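A.B. asks: Pasting in a structure now, in structure tokens, and then I'll have a few things to ask.
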Amino acid sequence: MSAPILQVDGITKRFGGLLALDNVSFEVAAGDIIGLIGPNGAGKSTLFSTLVGLHKPTSGSVRFAGADITGLKPHKVAARGLTKTFQNVALFMEATVLDNVLIGALLREGVAEARTTAMACLDRVGLAHIAGKTANDLSFPERARVEVARSLATRPKVLLLDEVMAALNHVEMEEIMALIRSLRDDGLTVVAVEHHMHAIMSLCERIVVLNFGRKIADGTPQDIAKDPEVVRAYLGREYA
Amino acid sequence: MKPWIWGAAALIAAVVVPSFLDPAGYPIRVLTLTLLFAALGQAWNIVGGLANQISLGHAAFFGIGAYTSTILLIHFNLSPWIGMLAGAALAALAAYLLSFPTMKLRGHYFALATLAFSEVLRVVASSWTSVTGGPAGLSVPYAADSLALLQFKSTTPYYYIILGALVLICVVFLVIQKSALGYRLRAVKENPDAAEVIGVDTTRVKITAAVISAALTALLGTLYAQFTYFFDPEAVFGIVAISVRAAIIAILGGAGTLAGPLIGAFVIVPLEEFANAALSSRAAGLSQLVFGLMLIAIILVEPRGLLVLVSNGIARLRKGRKG
Ligand SMILES: Nc1ncnc2c1ncn2[C@@H]1O[C@H](COP(=O)(O)OP(=O)(O)OP(=O)(O)O)[C@@H](O)[C@H]1O
Ligand SMILES: [Mg+2]
């Protein structure tokens, strides 16, 4: 295992009286595909938002690529190579698909080069043919792909994917999984939140399980599927 | 027709028109004011339209421009061309400092904070009589027709200078819109969280737009002072006279578009002038009421402004003819 690129150390996040994250720690090695699962409201999206700097953690720290990034603003975190997609899709709805992705590429280059990068990223997610459409006119699965392309355009080292397979059919899901694998082969590290267990089990080397803001398991898909607490909290009997 | 053909045609018309008008007459005065307020609407449009930060305090920067150049002219005999740059620099600084407390504010709160800021400056201008002339205002000393001192008996030179300022501000607007800053402003306008997460420094983007907009607004304040020869705190720091007018002109025409403030100004300013001429003796404030109603109407019918309303109308006509 190579040196961890992302180290989450004792992250706690409170929203008023609600303990959304409770002392969560885990590490991600460069080149891994990690799954993050747990029931609704477990804190998965909150964890992603905290890692990229949208939320300040109540306590704990995040180290990324050897440096402490706790409390940095999201754009600084993105510049270091860590970004995420949004679960409910947060595109720039009035802009074209191309412009959405182009804005991501502007992080590292000027407008002209960014346009080329954006087209390449759209091509990668299979959406080059709708580059000129307005984001508002897309279907939900298309929007999720544009989100992926937009984050890829920032040239991340680690990409956090929040339920990009929601609302996809089987074929589309296979396509996204193939895409994630090929991105990993190109050197990207991926952490994916998904509720589709088959997808997550076949995609990930390792899975982290959250429940009520606490990490309750961390291991290979096989270990996770056998873990009694995970089965009780989330998986049900199907995987036991 | 392509947009640039419209632009070229409008510019040629604007250059030619004064040769048909009496240089000391009323129509060219109204036209000059229209161009000035179109430029003001366009400067406002950089924050109000591109970033969707609805400022109701642009009078602050307009007034800073007017007072700075005029005070420098009165006390140091400094050319308003230089005073204009000093005013722009001061306004830019003011916008920069104002950005910090207003940064996190959205919608009405941002509007109210900017409004409060301009009101503070209006009160200062009314009270600091030794420098600003107080409520009585300032008169620009007239020596002789002089380009260096930016003063002329005839309206025509002002017309062309203000037309130049309008073109300059339109070009700045276009350049911003097509540049990285323009893309980032759109991102900030539509979804600030998403913008941050993909690497947009939303704070910096908003400050940059605010500073550019404020500096350009101050230039217009100086031109206004030179053109009208006399102004008081209400005229340049006034909420209705400047701040609301700038916002209405851009919103009525179509905020965030190049043509919006131009259309807005050409509807509002002449109407206002003629309404005032016709009504003011009998019904003070009636024209303001009419504008308020117009604004409510446009927001209810088509919040994207007259530009969209008209182009949709044309599209419908064309469809009807074909179908
Ligand atoms: N900004 C916020 N303010 C207050 N509470 C919040 C906020 N964001 C999330 N929460 C709460 O924190 C808890 C964790 O929410 P989160 O969205 O992280 O869950 P999740 O694991 O992503 O769930 P899902 O699978 O439904 O997406 C929930 O109880 C949620 O209501
Ligand atoms: Mg979630």
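A.B. asks: Given a 1.4 angstrom probe, I'd like the percentage of the accessible area of the protein assembly as shown that is carbon and sulfur, rounded to a whole number. Could the numbers behind the result be given before it?
C.D. replies: Values: 15580 of 24620 Å².
Whole-percent figure for carbon plus sulfur exposure: 63.
A.B. asks: What average number of partner chain Cβ atoms lie no more than 10 Å from the Cβ of the residues making up A:98-108?
C.D. replies: 5
A.B. asks: Ok, one more. Tell me, what is the 1.4 Å probe accessible area of B:Thr202, in Å² to the nearest 10?
C.D. replies: That residue has around 20 Å² of solvent-accessible surface.
A.B. asks: Of the candidates B:Ile198, B:Ile71, B:Ile251, which one comes out as most mobile in a Gaussian network treatment of chain B with C-alpha springs shorter than 10 Å?
C.D. replies: In the Gaussian network model the winner is B:Ile198.
A.B. asks: Now for a different question. So, with +1 on the Cβ of K and R and -1 on the Cβ of D and E, and no other charges, what is the size of the charge dipole of region B:20-262 about its Cα centre, to the nearest 20 debye?
C.D. replies: For region B:20-262, the charge dipole is close to 340 debye.
A.B. asks: With N set to the residue count of region B:118-243, report its C-alpha Rg divided by 2.2 N^0.38 Å to two decimal places.
C.D. replies: 1.36
A.B. asks: Per residue of region B:148-153, in order, report the coupling 6.51 cos²θ - 1.76 cosθ + 1.60 (Karplus, θ = phi - 60°) as ³J(HN,Hα) in whole Hz, putting x for Gly and Pro.
C.D. replies: Using θ = phi - 60°, the values come out as 4, 9, 6, 9, 8, 6 Hz.
A.B. asks: I've got another one for you. Compare the peptides A:74-80, A:37-43 by average per-residue count of other Cβ atoms within 10 angstrom and give them in order, highest first.
C.D. replies: Sorting A:74-80, A:37-43 by mean packing, highest first, produces A:74-80, A:37-43.
A.B. asks: Tell me: how much accessible area in total is hidden between B and A, 1.4 Å probe, Å², nearest 100? Intermediate values should be presented prior to the final figure.
C.D. replies: Working: alone 15820 and 10620 Å², together 24620 Å².
Using a 1.4 Å probe on protein heavy atoms, the buried area is about 1800 Å².
A.B. asks: How many percent of the alpha carbon pairs in region A:5-124 exceed a separation of 21 Å? Before the final figure, lay out the partial values.
C.D. replies: Details: 3358 of 7140 pairs.
I get 47 percent for the Cα pairs in region A:5-124 exceeding 21 Å.
A.B. asks: Under the Kirkwood approximation applied to all pairs of distinct alpha-carbon atoms, what is the hydrodynamic radius of region B:20-262 in Å?
C.D. replies: Evaluated on region B:20-262, it is 17.9 Å.
A.B. asks: Counting other Cβ atoms within 10 Å, which trypsin sites (Lys or Arg not before Pro) in region B:21-107 have at most 10 and lie in a DSSP loop?
C.D. replies: B:Lys104
A.B. asks: Let me confirm one metric for peptide B:40-52, namely the mean number of other chain beta-carbon atoms within 10 Å of its residues' beta-carbons.
C.D. replies: On the way: counts 0, 0, 0, 0, 0, 0, 0, 0, 0, 0, 0, 0, 0.
That works out to 0 on average.
A.B. asks: Based on alpha-carbon centroids, what's the gap between region B:7-33 and region B:75-99 in Å, whole number please?
C.D. replies: 29 Å
A.B. asks: Using a 10 angstrom Cβ neighbour count of at most 16 plus a DSSP loop assignment to flag exposed GluC sites (Glu not before Pro), which longest range of chain A is free of such sites?
C.D. replies: Counting at most 16 other Cβ atoms within 10 Å as exposed, the longest clean stretch of chain A is A:110-204.
A.B. asks: Okay, helix-only estimate at 222 nm for chain A: each DSSP H run of n ≥ 4 adds -39500 (n - 2.57), divide by all residues, round to 500 deg cm²/dmol; what do you get?
C.D. replies: Values: 8 runs with 81 residues, N = 240.
Per the formula, -10000 deg cm²/dmol.
A.B. asks: Could you pull the Rg and Dmax for region A:121-240, using just the Cα atoms, both in Å?
C.D. replies: Looking at region A:121-240, its Cα Rg and Dmax stand at 15.8, 49 Å.
A.B. asks: Kindly flag which residue pairs out of A:Lys44/A:Lys133; A:Lys84/B:Lys104; A:Lys84/B:Lys189; A:Lys215/B:Lys104; A:Lys44/B:Lys206; A:Lys73/A:Lys133 have an alpha-carbon separation exceeding 25 Å in this structure.
C.D. replies: Checking Cα-Cα distances, A:Lys44/A:Lys133; A:Lys215/B:Lys104; A:Lys44/B:Lys206; A:Lys73/A:Lys133 exceed 25 Å.
A.B. asks: Within chain B, which is the longest segment containing none of the chymotrypsin sites (Phe, Trp or Tyr not before Pro) that sit in a DSSP loop and have at most 15 other Cβ atoms within 10 Å?
C.D. replies: Formally, the longest exposed-site-free interval is B:1-127.
A.B. asks: Next up: Select from B:Gly221, B:Gly256, B:Gly65 the residue whose mean-square fluctuation is largest in a Gaussian network model of chain B (Cα-Cα springs shorter than 10 Å).
C.D. replies: It is B:Gly256.
A.B. asks: Here's another thing I want to ask about it. Using each residue's phi in region A:23-35, evaluate 6.51 cos²θ - 1.76 cosθ + 1.60 at θ = phi - 60° and report the 3J(HN,Hα) Karplus result to the nearest Hz, with x for Gly and Pro.
C.D. replies: 6, 8, 10, 6, 10, 10, 8, 4, x, 7, 10, 10, x
A.B. asks: Still on this structure, I have one more. What is the Cα radius of gyration of region A:90-155 over 2.2 N^0.38 Å, N being its residue count?
C.D. replies: Working it through for region A:90-155, the quotient is 0.94.
A.B. asks: Could you give the DSSP H helices of chain A that reach 15 angstrom or more along their long axis (alpha carbon positions) and whose average Kyte-Doolittle hydropathy is no lower than -0.5?
C.D. replies: A:111-124, A:140-152, A:170-185
A.B. asks: Further question on the same structure: Cα atoms only, the protein assembly as shown: Rg and Dmax in Å?
C.D. replies: 28.7, 95
A.B. asks: Quick one: divide the alpha-carbon radius of gyration of chain A by 2.2 N^0.38 Å and tell me what you get. Write out the running numbers ahead of the final one.
C.D. replies: On the way: Rg = 17.4 Å, N = 240, 2.2 N^0.38 = 17.7 Å.
Rg over 2.2 N^0.38 Å, computed on Cα atoms: 0.99.
A.B. asks: If one computes P(r) from the Cα atoms of region B:180-323, what percent of pairs lie at distances over 25 Å?
C.D. replies: On the way: 4750 of 10296 pairs.
Above the 25 Å cut-off, region B:180-323 has 46 percent of its Cα pairs.
A.B. asks: Return one whole number: the accessible area per residue of region B:20-262 in Å², for a 1.4 Å probe.
C.D. replies: Solvent-accessible surface per residue comes out at 37 Å².
A.B. asks: Would you please name the chymotrypsin sites (Phe, Trp or Tyr not before Pro) within region A:37-139 that are DSSP coil residues with at most 12 other C-beta atoms within 10 Å of their C-beta?
C.D. replies: Loop-located and lightly packed - none at all.
A.B. asks: Could I ask something else about it? Roughly what % of DSSP beta bridges within chain A run antiparallel, to the nearest 5?
C.D. replies: Within chain A, antiparallel bridges account for around 55 percent of the total.
A.B. asks: Could you work out the helix-only [θ] at 222 nm for chain B, with each DSSP H run of four or more residues adding -39,500 (n - 2.57) and the total divided by the number of residues, to the nearest 500 deg cm²/dmol? Mind showing how you got there, number by number?
C.D. replies: On the way: 15 runs with 238 residues, N = 323.
Computed ellipticity for chain B at 222 nm equals -24500 deg cm²/dmol.
A.B. asks: Which whole number gives the average, over all residues in A:69-76, of C-beta atoms from other chains lying within 10 Å of the residue C-beta?
C.D. replies: That average works out to 4.
A.B. asks: Ok, one more. From largest accessible area down, sort A:Arg143, A:Arg155, A:Arg124; use a 1.4 Å probe on the protein chains. Provide the component values of the computation, followed by the final result.
C.D. replies: On the way: A:Arg143 50, A:Arg155 120, A:Arg124 95 Å².
If we order A:Arg143, A:Arg155, A:Arg124 from most to least accessible, we get A:Arg155, A:Arg124, A:Arg143.
The values are calculated or read from the model by the stated rules, or taken from the named source; none is laboratory data. If you're wondering where the values come from, they're calculated on a predicted model, not measured in any experiment. Reconstructed Cβ throughout: ideal geometry from the backbone, glycine too, with neighbour counts over all protein chains shown. For accessibility, only protein heavy atoms count, side chains too; no ligands or nucleic acids. Shrake-Rupley method; radii C 1.70, N 1.55, O 1.52, S 1.80 Å.
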